[in-house]
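Working notes, structure below.
No value in this document is a laboratory result; all are computed from the given coordinates. For clarity, every value in this text was computed on a predicted model and none was experimentally measured. Every residue, glycine among them, receives a Cβ derived from its backbone with ideal geometry; neighbour counts consider all protein chains shown.
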Amino acid sequence: MKTQYQLVHGPDWHSRQVYCCQSYMKVFRTPLLLAFAFLPFAIGAQTKPLISLDEFMNTSDITDVRIAPDGSAAVVAVSAPDWRQSRFNENLWLWTRNDGKLLPLTHSGHDSSPAFSPDGRYIAFLSDRTVAADDAQDDSKDDDKGETRVWVIPVNGGEPFPLYREKLDAHAFAWSADGASIDFSTTQPLSKDQEDANKTEWKDVVRWREQERGDTLVAVPLTSAIRESTQVPPPNPKQKTADDKPALPADAKVLAHSAFEIDEIAPSPASGQIAFETGPISHRLENPADSEIFLVPAHGGEAKQLTHNQGLESHLTWAPDGKRIYFSVRADAGSVEGPYRDVQGRLYVLDLASGAVTRLGSEFTGSWEDFTVTSDDKVLAGGLTGTEQHLYRIDGAKYEALGTLPGNYARMNAARDGQGLIFTHSTINSPMQAFFADGAANVAAAKVFTSFNPLFAERAQVEWEPYQWKSADGTSVEGVLIYPPGKKDAKGLRMLTLIHGGPADADGNHFGADWYDWATLAAANGWLVFRPNYRGSSGYGDDFMLQIAPHLVSVPGVDILSGVDALVKAGIADPNRLAIGGYSYGGYMTNWLITQTPRFKAAVTGAGAVEHAANWGNDDLTWDDSWYLSGTPWEKPELYQSEAALFQLNKVKTPTHIVGGDADNRVSYFEQVLLERALQKLNVPHALIVFPGENHPLDKNPWHGYIKVREELKWLDKYVPK
């Protein structure tokens, strides 16, 4: 089966759906066990054509998978580029266990974050699709523009309908324990009188911090939304609320107010309570205390704060008996124990009776990533060690391996009322797919039920291996070498050192095919790609991760250059054909390393700062920045200068390609302008391309990511020819 995608003609998603559905039917006729799911990708690699840029960038991405409460079905959220509309489409797909089919559930291109109702009859999701204006909100009667609402669709057939029509952005949502209502959080709404007064006094002026408002937690009965969706609106509807009352859905019940944004909602299945996690209204991490867990009665009332720590809790999950709350703290989000510091991902359980927080799986030396809780109260989690992420069952401080095939297990989700378990798995050469297992004991026999991106099996596969070396101080460091197809044993290869972001991340045996993770495309274009997991990377223990502070770029820089030296000494890399690149923190490191050595003949850098003082003020992770450098700019001015590329840019000789989004709130676009200005002054060959409207992730317009990778490959070939 073949297909070709010509981006110059603007392929649409519908042609991809037909191709994918045909492939699904093939998969379901011959179910694949997980143990063999990726074998076809390695057979006959040398006889297949190389993947093209167009094909590589036309990839679908599984963003979420959720299992029905009884394990009979699953919903898969998928994002894919829509080249004609210059946007990404987000749609939902439904898989049913009885017939093994995966079929499109929604088609709007705006739908994400699905969740089954407790009885499995409905799926709620977030969408910014439009609904007719409500006259209680907008006398203009124009359609709304861009509000993200909660929508609901029947599993057994029917059209989606909005939970409410008011112009209220939903920050988070969850089904109530009995499925009778859906709880959602939104910025505390103003009355029409208040909005008019603000507009009269302030026009379009932004009052920094002063105008911020916290969130309201609201419950809307499902029956009200169903009734509203089946009614024909009158020709001249009356306003539902007085001008001095906040505009909420007619049957909505306010459950709680928060001084912060409510980012996650988790109703208890048994105790009649709702847990929620807060975050900063501004989306700027200026104080870890803004992110805590609260508890409120399901019928509404005063919220009680449960946690007081400097970790950023997430993934709130109740124990089946409603007596405990499990949660995680990501590898880049501090820790519950003591002062803020970026250590490996951790799992915890909070006992409601005692208030005690206990760390789970503490004997594991790697980083805990995704997790789920089974119907019999067992914790299953993905654990990252080195270049592999396996599936484990956790019992107190101990852990037991369940899924250990090479690759990356992620997005696990267990049935609430049954034994079913779904998860995703991928390897460098096998795209991410979703798998179903009949319980945790049967992970090895899991069956694949998606078949996205089948084209990669028809293209020549890269070869790869883990690579270890010693840094200058004797520290052991690991990374990944990705070879051009058929070049595993070759010597004297031109080499691209491609540095991951984070820095709390790691490159390893997982699939990547987008503007950020394009290592396999570079390998297909004749590059040996070196992906170093320098100090500060996750998956190698807390001590290894903590050694990045307070020398934010110089210590990892030595690790990376030591790896390059080792590869040159071994004859694998050609010392005269070296290039370097990265995005985000990978851009930070690229900017730094071209000041440390002239050996790189080309550099491609994106969204990386060249200094830390202004970036500390602009970064939405400002607290994290000051931890890495052990203080604020006025407390540690010497580190802010010595660890900055800006003050050594006069050493740069490397032709450098720069990219950035002009709406980036993580690393200000003006950091890219500053770098460009310096290289212009120094007469170093360079280019700067800017993506309008893009924040730190280039997720608004797929053409931006496409052009980024296209131009970076051209730049590398120009200065380091084959």
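Given segment 406-563, what whole percent of its Cα pairs are spread farther than 18 Å? Taking all Cα-Cα pairs of segment 406-563, the fraction more than 18 Å apart is 64 percent.
So what is the relative contact order for the chain, in percent, with contacts set as C-alpha pairs under 8 Å and at least six apart?
On the way: 1764 pairs, mean separation 73.6, N = 722.
RCO, the chain: 10 percent.
Within the chain, DSSP assigns beta bridges of which about 80% are antiparallel (rounded to the nearest 5). Counting only Cβ charges, +1 for Lys and Arg and -1 for Asp and Glu, the dipole size of segment 376-521 around its Cα centre is about 300 debye.
The residues Trp83, Trp151, Trp703, Trp634, when put in order of fewest to most other Cβ atoms within 10 Å, stand as Trp634, Trp703, Trp83, Trp151. Using the alpha-carbon positions of segment 463-719, Rg (one decimal) and Dmax (whole number) come out as 17.0, 53 Å.
Kindly provide the helix-only [θ] at 222 nm of the chain, computed as the sum of -39,500 (n - 2.57) over DSSP H runs of four or more divided by all residues, to the nearest 500 deg cm²/dmol?
Working: 13 runs with 132 residues, N = 722.
Taking each H run of at least 4 residues, the total per residue is -5500 deg cm²/dmol.
Checking every one of the trypsin sites (Lys or Arg not before Pro) in segment 463-492 against DSSP loop status and a limit of 15 other Cβ atoms within 10 Å picks out Lys487, Lys488, Lys491. Across segment 147-210 the C-alpha pair distances fall into 5 Å bins from zero in the proportions 3, 13, 17, 20, 16, 10, 8, 7, 4, 2, 0 percent.
Taken over segment 463-719, lysine pairs spaced eight or more positions apart, or on distinct chains, with alpha carbons under 15 Å apart number 9.
Rounded to the nearest 20 debye, the dipole size of segment 463-719 about its Cα centre is 1260 debye, using +1 on the Cβ of Lys and Arg and -1 on the Cβ of Asp and Glu. Placing unit charges on the Cβ atoms of the charged side chains and taking the dipole of the chain about its Cα centre, the candidate lying farthest along the positive direction among Pro550, Leu190, Leu102 is Leu102.
In the chain, taking the dipole from charged Cβ atoms about the Cα centre, the farthest positive-side position among Ile707, Ala73, Trp151 is held by Ile707.
For the listed peptides 104-111, 250-257, a ranking on the average number of other beta carbons within 10 Å per residue, highest first, reads 104-111, 250-257.
For the listed peptides 545-551, 676-682, a ranking on the average number of other beta carbons within 10 Å per residue, highest first, reads 545-551, 676-682.
When Rg and Dmax are taken over the Cα atoms of segment 480-564, they come to 13.7, 42 Å. May I ask for log10 I(q)/I(0) of segment 560-673 at q = 0.10, 0.13, 0.17 Å⁻¹, from a Debye sum over the Cα atoms as equal point scatterers with solvent left out? These q points yield log10 I(q)/I(0) values of -0.32, -0.52, -0.83. Coordinate range of the alpha-carbon atoms in segment 285-361 per principal axis, descending: 37, 29, 19 Å.
Relative to the longest principal axis of the Cα atoms of the chain, the long axis of helix 13-29 lies at roughly 90 degrees.
Of Phe647, Phe56, Phe449, the sequence from fewest to most neighbouring Cβ atoms within 10 angstrom is Phe647, Phe56, Phe449. Distances between placed amide hydrogens fall under 5 Å for Gly502 paired with Tyr585, Gly586, all partners being 5 or more residues away or on another chain. Residue-normalised convex hull volume from the C-alpha trace of segment 302-448: 120 Å³ per residue.
Report the charge-dipole magnitude of the chain in Debye, nearest 20, computed about the Cα centre from +1 at each Lys and Arg Cβ and -1 at each Asp and Glu Cβ.
Working: 66 positive and 93 negative charges, 550 e Å.
Once rounded to the nearest 20, the dipole reads 2640 debye.
Computed log10 I(q)/I(0) for segment 205-328 at 0.11, 0.18 Å⁻¹: -0.51, -1.04, from the Debye equation with unit scatterers placed on every C-alpha and solvent omitted. With Cα atoms as the point set, the radius of gyration and Dmax of the chain evaluate to 25.7, 79 Å.
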